[in-house]
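S.K.: To start, I am sharing the structure in question, which I have written as structure tokens.
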Amino acid sequence: MDIYEIAALGAALCWAVTGVITAGPAQHLGALAFTRIRMSMVFVMLLLFVGISGGWRSIGAGSIGPLVASGIIGIFIGDSLLFASMNRLGPRRTSILFSMNAPLAVILGWLVLGEKLDALELVGIALAFAGVTLAIVFGKRKSQLHQWESVKGPLLVGVALGLGAAVAQAVGSLIVRPVMESGIDPAAGSLVRVGTSVGCFYAAMMLPGGYLKVQKPITLQIAGVTAFSGFLAMGVGMTLVLFGLRGGEVGIVSTLSATTPALILPLLWLKTGEAPATFAWVGAALVVVGSALIFAG
């Protein structure tokens, strides 16, 4: 395994750690408030970095529209649905649902862009869906009592939120792909996307209902974990995967960075003291294998 493949695996590990450490703050603050605060912190980090690096100079007028649209769909809508799902289903189920963004991106590319699906991709999509089904329906033993393994509210609502997050991520990626391929600075592109989502969150705060307000007062510890999770996921994780794609084979790097559903299981085991059920492992493995076939197709 070379340094680029290690970087891709490191990105998956960053996202797995983020999935574990954000569960508590997301439940404490509420999904929408947590996402708003986290993205605001990430925006400040990116603003400082891009301002110092000068990456903002790479953004042309023609790039703004796709970046803004991707920020609204992929981050504002996608992350809101993601953490709403996590609050209902816990990090394990949400992680494996969100991993469906790769198969869904392939399906959307076929439906919207007319891209062809080969046999390997079809098998990969089928395996990924089978893995998700196993992990969601049979991935918990009766002896597992930790709150992250309990389902709050109807299961189908939580699943719909998780799949909605995956769809939003896939659509956001499809929109922004041509822009990123044109050679703009990745951090600058992320700054526009994240800044757009932050603007949407604060605009939405003016709507009646108070859905974006914090459920419980934010503490110093909650603020610290929220900031660290944003830095780990958006800063370290995305940097590692971009470094991996710079010198590694796209299929291998993409597959390794998609191993988050499998990597999160031992982390949850350490955190909760409860070993994941057999079908949780099997489901995660099928999702990873399915992703590998999709990227190999």
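The values are calculated or read from the model by the stated rules, or taken from the named source; none is laboratory data. Here the structure is a predicted model, which means the values were calculated and not measured. Here the Cβ positions follow ideal geometry from the backbone for every residue, glycine too, while neighbour counts run over all protein chains shown. We work out accessible area using only protein heavy atoms, side chains counted, and drop any ligands, DNA or RNA first. Shrake-Rupley method; radii C 1.70, N 1.55, O 1.52, S 1.80 Å.
S.K.: Using a 1.4 angstrom probe and counting only protein chains, how large is the accessible area of ARG193 in Å², to 10?
M.R.: 40
S.K.: Taking the inverse of the average 1/r across all pairs of different Cα atoms in region 161-275, what Kirkwood radius in Å do you get?
M.R.: Evaluated over region 161-275, this radius sits at 17.4 Å.
S.K.: Specify the inter-centroid distance of region 1-38 and region 69-95, based on alpha-carbon positions, in whole Å.
M.R.: 12
S.K.: Which entries in the list LYS142/LYS271; LYS152/LYS213; LYS140/LYS216; LYS116/LYS140 go over 27 Å, if you measure between the two C-alpha atoms of each?
M.R.: Over 27 Å apart, Cα to Cα: LYS140/LYS216; LYS116/LYS140.
S.K.: Moving on to the next point. If you roll a 1.4 angstrom probe over the protein chains with everything in place, what fraction of the accessible area of region 162-213 belongs to carbon and sulfur, to the nearest %?
M.R.: Summing carbon and sulfur atoms, their accessible area is 64 percent of the total for region 162-213.
S.K.: From the square roots a ≥ b ≥ c of the eigenvalues of the alpha-carbon gyration tensor of region 250-297, which class results: rounded (a/c under 1.5), prolate (a/b over b/c), or oblate?
M.R.: Here region 250-297 falls in the oblate category.
S.K.: Looking at the square roots a ≥ b ≥ c of the eigenvalues of the Cα gyration tensor of region 215-297, which shape do they give, rounded for a/c under 1.5, prolate if a/b is larger than b/c, or oblate?
M.R.: oblate
S.K.: Now for a different question. Per residue, how much accessible area does region 152-255 show when a 1.4 Å probe rolls over the protein heavy atoms, in square angstrom?
M.R.: Averaged over the residues of region 152-255, the accessible area is 52 Å².
S.K.: For a protection proxy built on the mean count of beta-carbon atoms within 10 angstrom, sort 114-122, 94-102, 72-80, 60-68 highest first, please.
M.R.: Descending mean neighbour count gives 94-102, 72-80, 60-68, 114-122.
S.K.: Tell me the net charge near THR18. Cut-off is 15 Å between Cβ atoms, THR18 excluded, with +1 for each Lys or Arg and -1 for each Asp or Glu.
M.R.: Charge balance in the 15 Å sphere: +2.
S.K.: Give the shape of region 1-144 as rounded, prolate or oblate, defined through the alpha-carbon gyration tensor: a ≥ b ≥ c are the square roots of its eigenvalues, a/c under 1.5 means rounded, and otherwise the shape is prolate if a/b is larger than b/c and oblate if not.
M.R.: oblate
S.K.: Also, I was wondering about something else. Take the Cα coordinates of region 64-133, assign each an equal point scatterer, and use the Debye formula without solvent to give log10 I(q)/I(0) at q = 0.28 Å⁻¹.
M.R.: -1.14
S.K.: Give me the distance between the Cα centres of region 181-250 and region 131-179, rounded to whole Å.
M.R.: Here the two parts' Cα centres lie 20 Å apart.
S.K.: For the chain, what are the DSSP H helices with axial Cα length of 24 Å or more and mean Kyte-Doolittle hydropathy of at least -1.0?
M.R.: 3-21, 31-53, 119-138, 155-181, 186-204, 278-296
S.K.: Not counting ligands, DNA or RNA, and with a 1.4 Å probe, what is VAL44's accessible surface area in Å² rounded to the nearest 10?
M.R.: About 80 Å², ignoring ligands and nucleic acids.
S.K.: Just to confirm a number: summing +1 for Lys and Arg and -1 for Asp and Glu over residues other than GLY139 whose beta-carbon lies under 11 angstrom from that of GLY139, what do you get?
M.R.: +3
S.K.: Around ILE37, what is the net charge, scoring Lys/Arg as +1 and Asp/Glu as -1 over all other residues with Cβ under 15 Å from its Cβ?
M.R.: Once positives and negatives cancel, what remains is +3.
S.K.: Additional query: So I have [x] 27, 25, 18; [y] 42, 22, 18; [z] 35, 26, 20, and one of them is semi-axes √(5λ) of the Cα gyration tensor in Å calculated from this model. Which one is it?
M.R.: The value computed from this structure is option [x].
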